[in-house]
Structures are given as C-alpha cells and as structure tokens.
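Just below is one structure, and these are the notes that go with it.
The values are calculated or read from the model by the stated rules, or taken from the named source; none is laboratory data. Not measured: the values here are computed from a predicted model. Don't worry about glycine lacking a Cβ; one is built from the backbone with ideal geometry, like all the others, and counts go over all protein chains shown. Keep in mind that these areas ignore ligands, DNA and RNA; they rest on the heavy atoms of the full protein, side chains included. Shrake-Rupley method; radii C 1.70, N 1.55, O 1.52, S 1.80 Å.
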Amino acid sequence: MRMKYLFILFVSLFSFFNNSFGRTIPEIIDIGIFSGETINKFNFTVTHGRYLVCNNKHEKLLEITPFSTITFERKGYQFNILRNDSVLFTEIDIKLQGAAFHNSFILNPSNRNLELRGYDGDLKVNVKNGSFSLVNSVPFESYVAGTVQWESGFNHHDIFYQVQAIIIRTYALRNLNRHSGEGFHLCDRVHCQAYYGKTTEASIISAVDRCRGEVVVDRNNHLLNTVYHANCGGETVNSEDLWSEALPYLRSNRDTYCTDMPGAHWKATIKADDLSNFLQQRFGYNPSENEWKGIKGFRQSSRRHHLDPGERIQLRHVREHFGLRSTYFSINADGEYLHLTGKGYGHGVGLCQEGAMRRARHGYTREEILKFYYWNASIIYLETEEAW
Ligand SMILES: [Zn+2]
Ligand SMILES: [Zn+2]
C-alpha cells in the first residue's frame, strides 16, 4: 500500500513540476513569417540598432546600420543578396543578427498583396521549395504584444489588452512544438495566431508589460488551451461540440455582454438548391418533404448543434461550406432562397473577445473575465529563461 501512495505522490509531483512551475518562458521565440506566401524578392531595412549578416558558419559577412537596405532576390534558379543593385552574395543560408541593445527592421516584399512589416529581433533567411523562407527570432514578449494588436486591434481597455496578452502567451507556450519539423515554433497565420509584425501602439505595449510572464492554468496547473473568438452571439460553445475533446474549462456559458457589440448579428442568403445539393453530395442525405420543411424553418433561440432532427448534419459543416460567420443562425425560406439570420462571429469556444472587451469597460478584473470564459482558471507567473 505504501508503495502505491508513494508512486501516486511521485506521479502527481512530476506532472505538477513538469507542467507549470518547472516550465519557463523562452526568452526568444522563432516565428515562421510570411508563411504560406511565395517570397521571391524583398528588401531588409534596419530601423534601429545594427545588424550583422552572418553565414551558417557564424562568420560575419557584412554589417548594416539604420536606414540602409539590402535586397534578397530570386533570379531563375539563382538566389542573390544585393546592395545598390550589385550582387554581394549568392549563398542563402543567412542570419541577420541584431548587435545593439535594441534591434528592429522592416521587410518589404515585392508581392503585390503584401505590405511592409516591422519586426524586433533577428531574421533567418533560407531557400525552401524554390523561394525564400523567413524566420523571425523575436523576444517572446514582443511577439505577444504584436499578436495582441493583430488579434484584437486598437483602442481597447487596458484590462482587455492584459487578458488578451495572457491568453496569447498561454496559447503560444502550449503550442510551442507545433512547427518544430519546419525549423520554427509557430507560424504567423491564424493557424497559430496572427502575427504580422511588431506593434508600436503604446497602450498595448504597456498592458503586455504589466502582465509580463503571466499565464492561465487549470486546477492541476496545466496550461489551458486558451482558444478565443470574436463574438459568441450570447452563448459560448462546449469544446466537444466543435472538436472531439471535452475540456472541463471550455464549457458553454450565457454571455450577455457581447449581444450589442459589432460582431453580434449577421445576415446571409443562400440558394435552397445549394443547401440541398450540399446535404446530398456531402452526406448522402435526402430530406423527406417534412424534414425539408423543418430545415426551411430552422430556429435557434439557444444554440443547437445539428441542422436536422436526425442529428446527421452538424452545423459546423454548414458554416464551413457556406463561409458563414457562425453556426448560431435561424432560417427563413423565401421561394428559391434561404435567408439566414445569425448571431456571433467565430467558433464560439473559450473567450468571447467582444464580451471580454465590454466586461473590461464595466470594471471586471482580469481574473473575473478569465474565470468566466475558462471555468476555474487561475493566473500564475512564469519566469523567463535567460539566454546564456
Ligand atoms: Zn501555425
Ligand atoms: Zn459573447
């Protein structure tokens, strides 16, 4: 018996240390930037500090100072680094390494759909699959601040920005290995979290600084899966209704704070034929006349998960196929058209951003907001792992 208790004690201590306090925040995080884009040419311009251009043997090839630019360009099968139109190097396995106390730069790709972006930290440049592959090695808290801006925008309450920073930080730490096979921690797209460069917004930077190192954990001190969405439409969703896993802190809640916010309501019109074709082709479902009548008058006063009474068609598939803002909608038929009246914006699991924004303005604390959207969550502080 004693051995058994010792073993249980050992296992719980191990999981306790392994999952929270034994964990630290890396000082630097590697983000794959412009991921999913084909980059054939871009300019790198120093905006602050100075940069050493180093090869993969850590040899310094060049030093660049503020407002000087070098260009990376693909010419056929050849990849060049140029300054003032003359080729400096043709070997592309390069690190642009900041050498001053604070270093930042701007990247300006020639792709028409992309605008220039500013970054802190270092840049690794490689060639992968015939175009440039870029990794920003960025101080962790600078990544958090940039992501707060891209995931939530401007002019929000300080408490909301702190809440957003805490859940972005937690999400990043929980998913650090997501892209390990590609040579970086996280990508810069919504797949991980949107990070289209650093922020220069003072209110965001100071909010991130005020909650530096703070993360949210469950009762067992495990980092939470801090998913979030723009607006829940008045009712959040259980995790298992969207994904297969039922998490005890991702439970459905009635939210009265977001129902007058910009993302609360939406309308869409689809063709009745398009819906019936979709049901038939995707699920082999041919509704009877009576069932079709039910679908044409489909109502949700509180959230439902299926479109049909037989519970074959999950609403998330309908949302996905027709590009709808949420699964929380009702239907009115009008001849060959179906008018959809919807509530909310996003998947509805976890924190509702617009509900949290309004709660912050109404004087709720960070703990109150986080505990409302993540049941029994607590905030703890993790220290940064200093680089040696
Ligand atoms: Zn990703
Ligand atoms: Zn909400």
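Key figures for this structure:
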| item | result |
| --- | --- |
| Filter result (of a type in the set (Ser, Thr, Tyr) and either open to solvent by 50 Å² or more (accessible area, probe 1.4 Å) or within 16 Å of ligand 1 (Cβ to nearest atom) (or both)) within region 198-210 | Thr200 |
| Residue check, His321 open to solvent by less than 60 Å² (accessible area, probe 1.4 Å), in contact (Cβ under 8 Å) with a residue 12 or more places away in the chain, assigned to a helix (DSSP H, G or I) and farther than 30 Å from Ile29 by Cβ | no |
| Condition check for Ile159: of a type in the set (Val, Ile, Thr), more than 14 Å from ligand 1 (Cβ to nearest atom) and either open to solvent by 10 Å² or more (accessible area, probe 1.4 Å) or within 10 Å of the chain's Cα centre (by Cα) (or both) | yes |
| Single residue of region 162-197 satisfying the filter (among the charged types (D, E, K, R) and surrounded by 24 or more Cβ atoms within 10 Å (Cβ to Cβ)) that is nearest to ligand 2 (Cβ to nearest atom) | Arg169 |
| First in region 172-187 and under 18 Å from Glu27 (Cβ atoms), second anywhere and part of a helix (DSSP H, G or I) and within 11 Å of ligand 1 (Cβ to nearest atom), Cβ under 8 Å, 6 or more apart | His185/Ala172; Leu186/Ala172 |
| Filter result (at negative phi and either assigned to a loop (DSSP other than H, G, I, E, B) or touching an Asp or Glu at 6+ places or on another chain (Cβ under 6 Å) (or both)) within region 349-373 | Cys352, Gly355, His362, Tyr364, Thr365 |
| Filter result for Gly183 (more than 10 Å from ligand 1 (Cβ to nearest atom), on the phi > 0 side of the Ramachandran plot and in contact with a strand residue (DSSP E or B) (Cβ under 8 Å, 6 or more places away or on another chain)) | yes |
| Extreme residue, farthest from ligand 1 (Cβ to nearest atom), among residues of region 233-266 that are assigned to a strand (DSSP E or B) and closer than 20 Å to Arg319 by Cα | His265 |
| Given (1) open to solvent by 20 Å² or more (accessible area, probe 1.4 Å); (2) under 26 Å from Ser378 (Cβ atoms); (3) within 16 Å of ligand 2 (Cβ to nearest atom); (4) out of contact with any helix residue (DSSP H, G or I) (no Cβ under 7 Å at 6 or more places or on another chain), number of the condition Val237 does not satisfy | (1) |
| Cβ-Cβ under 6 Å pairs, at least 6 apart or on other chains, region 353-365 side farther than 20 Å from Trp150 by Cα, far side open to solvent by 10 Å² or more (accessible area, probe 1.4 Å) and within 13 Å of ligand 2 (Cβ to nearest atom) | Arg359/Tyr257 |
| Lone qualifier among Gly335, Gly346 - being among the small types (Gly, Ala, Ser), under 27 Å from Phe154 (Cα atoms), open to solvent by 10 Å² or more (accessible area, probe 1.4 Å) and out of contact with any helix residue (DSSP H, G or I) (no Cβ under 7 Å at 6 or more places or on another chain) | Gly346 |
